[in-house]
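No lab work stands behind these numbers, since they all come straight from the coordinates. Small disclaimer: the values here were computed from a predicted structure and weren't measured. Cβ sites come from the backbone with ideal geometry, for glycine too, and all protein chains shown count toward neighbours.
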Amino acid sequence: VSRPGVVYTPPDVAERLAREVIDPMIAARGGAIRVIDPACGEGALLAAAARRLAAHGIPAEGRLFGLDVDPAAASVARRWAEVTVADALWTDLPKFDAVLMNPPWIDAEAHARLDPIGRARIRARFRCTRGNWDLFVPFIERAWELTHPGGRTGILLPERAISSDYMAEVHRGWLERHPIACWRLGQAFPTVSVDAIAWIEVDAPPPTSMAFDGRPIELGGLSGLPPGHWGGAGALSDGALRRLATATKLGRVATLSDGASTTEAYQLAEKVTEVSGEGGFRLVNTGTIDPFRTTWGQRPTRYLGRTLHRPGVSAEDLAAFPRRLQQARSQKVLVAGLSRRLEAVAVGGDVLCGKSAVCVVPTVPPDAVAAVLNSGPIDELYRRLFSGHGFGGSLHVGPRQLEHLPFPDDLSALATLGASLARDPDDRIAWRQLNRWMSDWLS
Ligand SMILES: C[S@@+](CC[C@H](N)C(=O)[O-])C[C@H]1O[C@@H](n2cnc3c(N)ncnc32)[C@H](O)[C@@H]1O
């Protein structure tokens, strides 16, 4: 029978994790170590820990401990460890030298459906449970509580643990602690179609770098990544990591927002009509944004189920939405919210940003902002940061992602290139110069 979030660790993964966590502890403390798996299931990780101890001639007795809410699983795990049937999130426990864990992975929606009351209690008790947290989040925090100073922790998690907004708080915690390594395990759990990672940290004086996907990364570089989104770290160049850690962020030189909230979009919908002559605001939405140009009036716009050719809103109608009116009147950059690459266009005070586009109101020249966002190197950086390794398919582009992009301080060349490309979006030479400039800056 399968229960939600219950997938036992295959022996090869357990072995690798145990080796990485237990061996250094044995090297440091000899036989005087105590190890726990607080959600031990049938004991795959504890069995691997027992093998590591045996390899060093250390008996497992009195050194291996487990907890699980499932009595049947616990009785199997007793072959290797002292196992208690109890809830790891709510049971008082001492600290340990090593924590091994493959906690339950249950996403926010499923957890809220399965156990709404338990979820509310956990949320009140664990500080990292913010946003759409998965059930593995409080277990990560629990592992911190259970580890002795100088102790090691190794946790198996789904890959979304390094690329989700709700992980921002855990990532801050990880940076305050001492990450040692993060490995991608791919589909290491044959019965679930989710890629896995292993996360290893030590509660000890800070190392200056960690191995991310086999690649050494300065922890200072990690701190420049958008919290919650470390997935691309293994694939970023040193230069890009350095820029992310030190450069001004787009969010510092611009106010970014969604075109309209869903409620506003529906309220506005009836005011959106085909416009003919002068006056009022043209409505530009994601489908009519291309790099450095809009195709408004050339391509139809889909807006909340309707198709319009020259959609717009009159100034009188927009007056009922003071924030949108102000936004529409400003010089700004619109970015497509759903597209195959980053697409940005600088527009004037006669354009209203549609619901599925991002509105960027900069304090620097809009042409320079459009140039940066349209450049190939920034498009590539965005994908690495926010869509894992996915290079195909559509990008979801939002204000909370864009604001983390690094932004150059020296804008003279970029403003000029952006202005040329706004006049002629097909200017191949200007495109090449732009991409070269940005790629030099990021390397
Ligand atoms: C993904 S399985 C992993 C089991 C084992 N650590 C392994 O690697 O094979 C997660 C385990 O957590 C247990 N579990 C779920 N919620 C728990 C809780 N609140 N306290 C302790 N164990 C829990 C489940 O019964 C299940 O055995």
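Counting only chymotrypsin sites (Phe, Trp or Tyr not before Pro) that DSSP places in a loop and that have at most 14 other Cβ atoms within 10 Å, the longest clean stretch of the chain runs over 91-390. Grab the beta carbon distance between Lys249 and Ala320, set R0 = 30 Å, and tell me the FRET efficiency rounded to 0.05. About 0.35, to the nearest 0.05. Each distinct pair of alpha carbons in the range 147-199 adds a 1/r term; the inverse of their mean, the Kirkwood radius, is 12.1 Å. In terms of Cα atoms, the Rg and Dmax of the range 304-344 work out to 13.0, 35 Å. Our Cα-only numbers for the range 210-292 put the radius of gyration and Dmax at 20.5, 60 Å. Pairs of Cα atoms nearer than 8 Å and 6+ residues apart set the relative contact order; for the range 57-165 it is 28 percent. Shown here are the Rg and Dmax of the Cα trace of the range 290-382, at 13.6, 42 Å. Once the Kirkwood radius over Cα pairs is known for the range 381-443, the Stokes-Einstein relation at 4 °C and 1.567 mPa s delivers a diffusion coefficient of 96 µm²/s. Taken along its principal axes, the alpha carbon cloud of the range 285-443 reaches lengths of 48, 33, 28 Å, longest axis first. Sorted fewest first by neighbouring Cβ atoms within 10 angstrom, Ser75, Ser164, Ser339 come out as Ser75, Ser339, Ser164. Roughly what % of Cα-Cα distances in the range 77-146 sit above 18 Å, to the whole percent? Summing the P(r) of the range 77-146 above 18 Å gives 41 percent of all pairs. Of the beta bridges in the chain, as assigned by DSSP with both residues counted there, near 70 percent are antiparallel.
Under a model in which nothing but the beta-carbon of Lys, Arg (+1) and Asp, Glu (-1) is charged, the range 120-197 shows a dipole of about 260 debye around its Cα centre.
Adding -39500 (n - 2.57) for every DSSP H run of four residues or longer, then dividing by how many residues the chain holds, sets the calculated 222 nm ellipticity at -10500 deg cm²/dmol. Can you give me the angle between helix 116-125 and the longest principal axis of the chain, using Cα atoms only, in degrees from 0 to 90, rounded to the nearest 10? Roughly 90 degrees, rounded to the nearest 10.
Stretching the chain fully between Arg3 and Ala86 yields a gain of 28.2 nm (0.36 nm per residue, less the alpha carbon separation). When the Cα positions of Pro408, Thr273, Ser193 are compared along the charge dipole of the chain, Thr273 comes out farthest toward the positive end, with charges on each C-beta of Lys, Arg, Asp and Glu. Exposed loop sites were defined as GluC sites (Glu not before Pro) in DSSP loop states (anything but H, G, I, E or B) carrying at most 12 other C-beta atoms within 10 Å; in the chain the longest segment without such a site runs 62-269.
Treating r as the C-beta distance of Glu218 and Tyr266 and R0 as 60 Å, the FRET efficiency rounds to 0.80. Between the helical axis of 428-442 and the longest alpha-carbon principal axis of the chain there is an angle of about 30 degrees.
Starting from the Kirkwood Rh over alpha-carbon pairs, what translational D in µm² s⁻¹ does the chain have by Stokes-Einstein at 10 °C and 1.306 mPa s? Rounded to a whole number, D works out at 65 µm²/s. In percent, rounded to a whole number, the relative contact order of the chain is 11, using alpha-carbon pairs under 8 Å and six or more apart. Shown here: the range 105-226, whose C-alpha atoms stretch 41, 32, 26 Å along the first, second and third principal axes, sorted largest to smallest. Between the Cα long axis of helix 136-146 and the first principal axis of the chain there is an angle of about 50°, rounded to the nearest 10. The charge dipole of the range 1-139, taken about its Cα centre with unit charges on the Cβ atoms of Lys, Arg (+1), Asp and Glu (-1) only, comes to about 340 debye.
Which values of log₁₀ I(q)/I(0), to two decimal places, follow from the Debye formula for the range 1-104 at q = 0.10, 0.13, 0.15 Å⁻¹ with a uniform point scatterer at every Cα? Reported log10 I(q)/I(0), two decimals: -0.24, -0.41, -0.54.
Partnerless cysteines in the chain, where a partner means another cysteine C-beta under 4.7 angstrom, comprise Cys40, Cys128, Cys182. Each residue in Cys40, Cys359 was given a count of other beta-carbon atoms within 10 angstrom of its own, and listing them fewest first yields Cys359, Cys40. Remark: spin-label model distance Arg123-Asp424 equals 5.7 nm, labels positioned 7 Å along the Cα→Cβ axis.
For the chain, a Gaussian network of Cα nodes joined below 10 Å ranks Asp195, Asp92, Asp424 by mean-square fluctuation, and the top entry is Asp92.
Assuming charge only on the beta carbon of Lys and Arg (+1) and of Asp and Glu (-1), the dipole of the chain about its Cα centre is about 220 debye to the nearest 20.
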